[in-house]
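Asker: One structure, as structure tokens, below. Some questions next.
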Amino acid sequence: MDKIQLKLNNLFPWLSIRSKLIIAFVGLSILPIILIGIYGIISNTKSMKATAIQNLGHDLSLIQENTANLMASIERDLMLIRNIYMDNQIREAMIKESYSSEGKDIKLLDDELLTFAETRKIYFQLRIVDNEGNEISRIETNNLHESNRTYSIVPANELRHSPQVYYLLMIKNLSENQIALAPAELLDSNNKLVPVISFAMPLFSKGKKIGILIADVFVKNLFRTLQTYKSLNRDEKVILVGGDGHYLYHSQKKKSWNKLLAGKDKFNLQHDYPENIVNQILSNQNSVITNGSEDMISHEPLFYGYSSVYHTSFEHNLTLPLFLYVAIPKSIIMNPVHSYELTFAGILIVFLMISFGLSLLATRHFTTSIAQLTEGAETITKGNYKYRVEVNTRDEIEKLAEQFNLMAQSLYDHENEIQQYKSHLEEMVSSRTNELFAEKSKLQAILDNVPSAFLLLDKDLKIQTASAAFNGITGYNIEDVKGETCSRIFGNNGFCTDCICHDAISKNKIESCINCKVDEKQQEKYIEHVAIPMRNNGEVIAVLAVITDITKRKQLENVLVKTEKLAATGEIAAFVAHEFRNSLTSIKMILQLLAESIHITRSEKKSVTVALNSTGEMEETVTKLLNYAYPALMNFQSENIDKILNESLSFVQLRFRKSRITVRKEIESSIPSLLLDVAHLKEAIINVLLNAVQSIDEKNNSLESSELANAANEIYISVKKIILKKTLHDYKLESAAGYTNIEDEDRSRYEINLTKGTECIRLQITDTGSGIESNNIARIFDPFFTTKTNGTGLGLPMVKRTVNAHRGIVIVESKQGIGTTFSIFIPLNIDGYTFPEHI
């Protein structure tokens, strides 16, 4: 036992004492049973294999013997036909090729063969063919059913007179008394395939080959033979296979010769067995295969090529030798062995459980004390020095427990002393830590609430830490980029164009720059970088980078510049328009008086009328200038936008007809009413429609006459209720007076934001005109900007101002030569929005 325990200690050093003792006891108990069981399994396996080999060999021998008898009987029939029915006169006639199917001798031969076929009833056809392959006589069955099978003589006019090449090749190398055979499928009188085995014997007279005797035997006679001596085991398989490996007969898969060549890819040896097994089965040997397959196989060639009756040789078809084998799954053979194994396993498990239980009882007293000591050691290791073990075994283990308790008491005393020093030290550390944490929290709160991002880099420009704004400005989490160089993170995405941190280190001074990049939404973003070198004893040890997103500030600066220009332009326009109107009034009065005078000629009166019309157009331009320069009253009321749209279309209907423009509308029926300034919104829609008409006219003027006829002059108008899939942003263009104190007021009132998911009414007006040049799209809403020779540049700015007053946004999309689309978005929910009194 000591030796066994020593070996267990070497093999399994991590096992407990009790585990090792249990393994030793159980191992010694079950080892003899395991050896006996293994011996029994091996003995039974050998016995079962030997019995199976004997049974398979016996079955194969019986099938082979029965097949040999069938072949011998067919051989006797062919010999009988050749020796008895083929008299010398027929032979001489075949030699001279002077026979006649109407001759007396041939008719006598037909009658004899008919009688023979009706007696045997195993033949599908009996034929005699001359050397040229022409049939001399043929007897064939009229009914395929074996119980009432009849035969008839084929009339002379139905005999085949074409060369029987297949049979001529079969007997080509045969000598007298030799017979060739091959499987075949022949057509009966109903053109159905009949599976047969064709036997061919050459006919000789005086050493000269004069013809062929052909007997086609129903293949079911051979299959019946294969099925007769099958073992009582229903899992045993009897298989007839061709030389190419495909099954001709399979007791479980293919029991019929119909469609003889069908299913070669599936019903073949190569599909069911490995290559070495296939080669053994298709060899001209008789053996039993026990290895390399899930089946146990006994095999041999079907025909050995020798007849014991007439001592004549059989030669089977050269292209298709036949092989026979009998197989049974090894799992069926080994079923008794498996049952024995299961029984043995059950007994072994029961005995193992009993041995294990007895071992537990035997080792319990010995290991309980050790477990108590182990538990005490673990408890003390965790810091509970008050724990004591109680062991009353009155042996060495009890003495060991007493020493263990003395050690625990000593540790307890030392721990008390250490705890006193520890408590005092913790109080000091805690006080200082709280002070540092408070200072750090203040500093972190300051940094995190500053909109700029603070980024600390070492002298190698590796990122050490960053403030909370870093993620919002750069899109990176500090944990993902900590320890990386700033050039690898920001150098390739346009965030930094020049490394000012490197410049700050090399020049030892503060550096700054402003970079402009385009984000994933194709919008410009302005980033201000400030790099501050941090020194220690005059040496730069780190860099503090301050990153600020100044995009909004830049946009507001641009708006401020534009509004200041608009304010100045508006004031000048108002002054010029006011003074210009006074002069126009005087000129108009003089022209009116002159037009009423009777002292001028008709042509002069016509010229005065033209001048009056020109002053009217000039007054209209002056009115537009004054309307844009000075606020106009707004009147918001609940109205449906489709009604306003229809009224606007009626106003420009004549222009549509004149320019031959087709208007196509798509208006949803569920559009709700909104608070709208009807007059100003109608004016804005009319301005967009007139621009569309002018764009189409401009495009048509540039076309040839042949192209003009096919021009698609169309304006498509769509009104729908939608939910925004992205956020829209814009700045208002209010009256010039509204911008005078922009820096002193809340700048947010000049911004319009329609966030993603906002419900809006979208009015789209699309024309097929000449389009807008890409570099002009950003300027079309600027006052006085126009590309028309007679335009004022005030129509579209008024459109934008009107839409913005409704808390809406107008977007323009255009392709030159294709057309332009104006999209007006007006939100449905206006809670908390105060409509302006003036525009």
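The values are calculated or read from the model by the stated rules, or taken from the named source; none is laboratory data. None of the values given here were measured: they were computed from a predicted structure. Ideal geometry is used to build each Cβ from the backbone, glycine not excepted, and the neighbour counts take in all protein chains shown. These area figures cover heavy atoms from the full protein model, side chains too; ligands, DNA and RNA do not enter into them. Shrake-Rupley method; radii C 1.70, N 1.55, O 1.52, S 1.80 Å.
Asker: Output the residue which, of all residues in the stretch 116-147 that are in contact (Cβ under 8 Å) with a residue 12 or more places away in the chain and assigned to a helix (DSSP H, G or I), is surrounded by the most Cβ atoms within 10 Å (Cβ to Cβ).
Answerer: The residue in question is Ala117.
Asker: List the number of the failed condition for Leu159; all other conditions in (1) within 29 Å of His299 (Cα to Cα); (2) open to solvent by less than 80 Å² (accessible area, probe 1.4 Å) hold.
Answerer: Exception for Leu159: condition (1).
Asker: At least 2 residues that are open to solvent by 20 Å² or more (accessible area, probe 1.4 Å) and modelled with pLDDT of 90 or more in each: list the strands (runs of 3 or more DSSP E) lying fully within the stretch 713-771 that qualify.
Answerer: Per the criteria, 714-723, 759-767.
Asker: Which residues, taken from the stretch 35-68, are within 55 Å of the chain's Cα centre (by Cα), among the β-branched types (Val, Ile, Thr) and loosely packed, with under 13 Cβ neighbours inside 10 Å?
Answerer: Scanning the stretch 35-68 gives Ile38, Ile42.
Listed here are the residues, each with its yes/no results for (1) open to solvent by less than 70 Å² (accessible area, probe 1.4 Å); (2) under 17 Å from His806 (Cα atoms).
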position	(1), (2)
Arg660	no, no
Arg664	no, no
Leu675	no, yes
Val678	yes, yes
Lys682	yes, yes
Asn691	yes, no
Gln694	yes, no
Glu704	no, no
Ala711	yes, no
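Asker: Moving to a separate point now. Just to confirm my filter: which strands (runs of 3 or more DSSP E) fall fully inside the stretch 161-241 and include at least 2 residues that are under 57 Å from the mean Cα position of the chain (by Cα) and more than 19 Å from Asn69 (Cα to Cα)?
Answerer: 179-187, 193-205
Asker: Of the numbered conditions (1) within 27 Å of Ile818 (Cβ to Cβ); (2) among the basic types (Lys, Arg); (3) part of a helix (DSSP H, G or I), Lys682 satisfies every one except a single condition; which is it?
Answerer: (1)
Asker: Right, something else. Only helices (runs of 4 or more DSSP H) wholly contained in the stretch 393-491 count here; list those with 2 or more residues that are over 45 Å from the mean Cα position of the chain (by Cα).
Answerer: Passing ranges, in order: 396-449.
Asker: Right, another one. Right, Ser152: part of a loop (DSSP other than H, G, I, E, B) and surrounded by fewer than 17 Cβ atoms within 10 Å (Cβ to Cβ) or not?
Answerer: no
Asker: Of (1) within 21 Å of Leu70 (Cβ to Cβ); (2) open to solvent by 20 Å² or more (accessible area, probe 1.4 Å); (3) at pLDDT 80 or above; (4) of a type outside the set (D, E, K, R), Leu113 satisfies all except one. Which?
Answerer: Unmet for Leu113, out of (1) within 21 Å of Leu70 (Cβ to Cβ); (2) open to solvent by 20 Å² or more (accessible area, probe 1.4 Å); (3) at pLDDT 80 or above; (4) of a type outside the set (D, E, K, R): (2).
Asker: All but one of (1) modelled with pLDDT of 90 or more; (2) surrounded by fewer than 17 Cβ atoms within 10 Å (Cβ to Cβ); (3) within 19 Å of Ile811 (Cβ to Cβ) hold for Leu645; state the number of the condition that does not hold.
Answerer: Only one criterion is unmet by Leu645, namely (2).
Asker: What pairs come up if the first residue lies in the stretch 148-163 and is under 14 Å from Leu113 (Cβ atoms), the second is open to solvent by less than 60 Å² (accessible area, probe 1.4 Å) and in a helix (DSSP H, G or I), and their beta carbons are under 6 Å apart, counting only those six or more places apart or on different chains?
Answerer: Going by the 6 Å Cβ cut-off, the qualifying pairs are Tyr151/Leu114; Tyr151/Ala117; Ile153/Asp110; Ile153/Leu114.
Asker: Here is a further query. Consider Phe636 carefully, then state whether it is open to solvent by less than 70 Å² (accessible area, probe 1.4 Å), in contact with a Leu (Cβ under 7 Å, 6 or more places away or on another chain) and in contact (Cβ under 8 Å) with a residue 40 or more places away in the chain.
Answerer: So Phe636 fits the description; yes.
Asker: Please go through the stretch 361-392 and pick out each residue that is open to solvent by less than 60 Å² (accessible area, probe 1.4 Å), touching a residue at least 60 places away in the same chain (Cβ under 8 Å) and hydrophobic (A, V, I, L, M, F, W, C).
Answerer: Across the stretch 361-392, the qualifying residue is only Ile370.
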